[in-house]
There are 2 protein chains.
Amino acid sequence: MNNKGKIYVVGIGPGNYEHMTGMAIKAIEESDIVVGYSTYLDIIKDLIKDKKTDTSGMKKERERCLLAIDYAKEGNIVAMVSSGDPGVYGMAGLILELISDEIEVEIVPGVSAANASAAALGAPLMHDYVVISLSDLLTDYELIKRRIDAAGRGDFVVAIYNPRSKKRVKQIEDAREILLKYKKKNTPVGIVKNAKRVGENVVITTLDTMLEHEIDMFTTVIVGNNNSYIKDGKMVTPRGYKI
Amino acid sequence: MNNKGKIYVVGIGPGNYEHMTGMAIKAIEESDIVVGYSTYLDIIKDLIKDKKTDTSGMKKERERCLLAIDYAKEGNIVAMVSSGDPGVYGMAGLILELISDEIEVEIVPGVSAANASAAALGAPLMHDYVVISLSDLLTDYELIKRRIDAAGRGDFVVAIYNPRSKKRVKQIEDAREILLKYKKKNTPVGIVKNAKRVGENVVITTLDTMLEHEIDMFTTVIVGNNNSYIKDGKMVTPRGYKI
């Protein structure tokens, strides 16, 4: 144990070990204690079986970060694990917002859900794209709708995080309606559940019929731009090369 | 050598080995031949020192993909390497566009430049963001400007790829001007050269003064949203938690 603690905020990627980076594994191995939401600790259980771990409940992100900070203040090297990339709707921001000491923080980037889902679908993010979360727990819903409108207006590819939960079902319907103001009905849409982890399920459909398919909180939805197309079961957005 | 070839389109991440995924390493190890732009082959030279490799010149992306496809048609397992994530302005799309056979293609996602740069800066991508390339080699410049305008209108964080080259200097000036229609002069801007690889250089500045700093083709620029701020030398975009 060092006299001075350190926090690694570690992205463990989409879920399968093989999509973790070497640095993520190294940071976890180097740590005295691993803090994270229990689902993520479970994903990396083989890696942390000899490690001290700690957790807090769902939606207790602030408490979990304070826990990590407290361990670091005691002199520990702490790995705070986050799925995907910790810098995208993950724990990197909250750790940096809460920390008030001279404790070193290192963000270890990972493969984010948008990138993992894109790989499962083909190559939908090959041109300018937007990443947007439909969760209005922490964001004003009017701002979310304004952003979807802007994404449509700019003909961006749109990667949607948190598209629907059990209690929150209307947002994805609204998003589709707003995008239909700018995008054709037959715009390709990819729906990926559990991208690059156990239980992966990939659906390629269109903006017109996307709501006929299962969409939940483990799903990322990617809506194409005006040039996206489907080829041999893959979703492709051209970069612009002459083929 | 198999009777039937396969192409892995492999993202090698930002450049340092440690930020490659296990799957990227496995795919390269499994391959009979590694195809890529010479700069990328050089980055992974230790990993491929016993491998057959092939390349094509800069801007010869189409030729490089056809080379990989030809090797696969001959029955080889081919790793086509791309920096960052091959699904973001990389080779994934072009391979899928060009392939016309029954050759299996697997996209191996990697840590993209936006995510690596964000980790170097702190946590600027913690809320909805846009990824946009300023290169007008393959994209109509009016569309690029329309997208920057839409990104400003939606108060997105904006991650800018290919911000400036030796010959193409005006685009980043235009982008800044368009964003200033919507964003405050003191909006934090992160400028990262060689993120997470040898020669990394991180500058945190503002939209007002960003052009006083060096920006080139090895640089990613991240412009904050209306809530982004600088704390202890890190750029942070709040997710919205009460602190």
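Listed highest first by mean packing, meaning other Cβ atoms within 10 Å per residue, what order do A:189-201, B:72-84 come in? Before the final figure, lay out the partial values.
On the way: A:189-201: 20.3, B:72-84: 23.6.
Sorting A:189-201, B:72-84 by mean packing, highest first, produces B:72-84, A:189-201.
Need one number: nm distance between label points at residue A:201 and residue B:104, each 7 Å from Cα along Cα→Cβ, rounded to one decimal.
Reported label-point gap for residue A:201 and residue B:104 is 2.4 nm.
Work out the mean other chain Cβ neighbour count within 10 Å for the residues of A:93-104 and drop it here as an integer.
Working: counts 15, 8, 3, 10, 12, 2, 3, 2, 1, 1, 0, 0.
Mean partner shielding for this stretch: 5.
Among the aspartates and glutamates, which fall within straight-line cross-link reach of residue B:73, defined as a Cα-Cα distance under 12 Å, with same-chain neighbours fewer than 8 residues apart omitted?
In chain and number order, the partners are B:101, B:102, B:104.
Using Cα pairs under 8 angstrom and six or more residues apart, how large is the relative contact order of segment B:114-236, in percent? Before the final figure, lay out each step's value.
Working: 235 pairs, mean separation 39.5, N = 123.
Normalised by residue count, the contact order of segment B:114-236 is 32 percent.
For segment B:1-106, calculate the relative contact order in percent as a whole number, restricting contacts to Cα pairs under 8 Å that are 6 or more residues apart. Write out the running numbers ahead of the final one.
Numbers: 204 pairs, mean separation 46.0, N = 106.
Dividing the mean separation by the residue count of segment B:1-106 yields 43 percent.
Averaged across B:112-124, how many Cβ atoms of other chains sit within 10 Å of each residue's Cβ atom? Walk me through the numbers on the way to the answer.
On the way: counts 7, 0, 7, 13, 4, 2, 8, 12, 3, 2, 8, 14, 3.
For peptide B:112-124, the averaged partner shielding equals 6.
With springs only between Cα atoms under 10 Å, which of B:41, B:96, B:121 fluctuates most in a Gaussian network model of chain B?
B:96
Under 15 Å from the Cα of residue B:51, which aspartates and glutamates turn up, not counting those fewer than eight places away in the same chain?
B:29, B:30, B:32, B:42
Using 0.36 nm per residue of separation minus the Cα-Cα distance, give me the extension gain between residue B:30 and residue B:46 in nm, one decimal. Could the numbers behind the result be given before it?
Values: separation 16, 0.36 × 16 = 5.76 nm, distance 1.51 nm.
Full extension from residue B:30 to residue B:46 adds 4.3 nm.
For labels at residue B:18 and residue A:17 in the simple 7 Å Cα→Cβ model, what's the distance in nm?
2.1
Once fully extended, how much extra length lies between residue A:241 and residue A:74, figured as 0.36 nm per residue of separation less the alpha-carbon to alpha-carbon distance? Please report the intermediate quantities before stating the final value.
Working: separation 167, 0.36 × 167 = 60.12 nm, distance 5.51 nm.
So the chain would gain 54.6 nm between residue A:241 and residue A:74.
Counting alpha carbon pairs within less than 8 Å and at least 6 residues apart, what relative contact order, in whole percent, applies to chain A? Spell out each step's value before the answer.
Details: 514 pairs, mean separation 48.8, N = 243.
In percent, rounded to a whole number, it is 20.
Taking every pair of distinct Cα atoms and averaging 1/r, then inverting, what Kirkwood hydrodynamic radius in Å comes out for segment B:6-111?
Values: mean 1/r = 0.0761 Å⁻¹.
Hydrodynamic radius (Kirkwood, Cα pairs) of segment B:6-111 is 13.1 Å.
Working out 0.36 nm times the residue gap between residue B:214 and residue B:170, then minus their Cα-Cα distance, what length gain in nm do you get to one decimal? Show your work: numbers first, answer last.
Values: separation 44, 0.36 × 44 = 15.84 nm, distance 1.40 nm.
Separation in residues times 0.36 nm, less the Cα-Cα distance, equals 14.4 nm.
Do the alpha carbons of any pairs in A:193/B:52; A:59/A:167; B:59/B:145; A:166/A:196; B:184/B:234 sit beyond 25 Å of each other, and which pairs?
Numbers: A:193/B:52 37 Å; A:59/A:167 15 Å; B:59/B:145 23 Å; A:166/A:196 23 Å; B:184/B:234 19 Å.
Result: A:193/B:52 exceed 25 Å.
Take the alpha-carbon centre of segment B:66-99, take the same for segment B:123-143, and report the distance between them in whole Å.
23
Throughout, read-outs are computed from the coordinates displayed, never taken from laboratory work. Computed from a prediction, not measured in an experiment: that's the story for all the values here. Cβ coordinates were reconstructed from backbone atoms using ideal geometry, including for glycine residues, and neighbour counts include every protein chain displayed.
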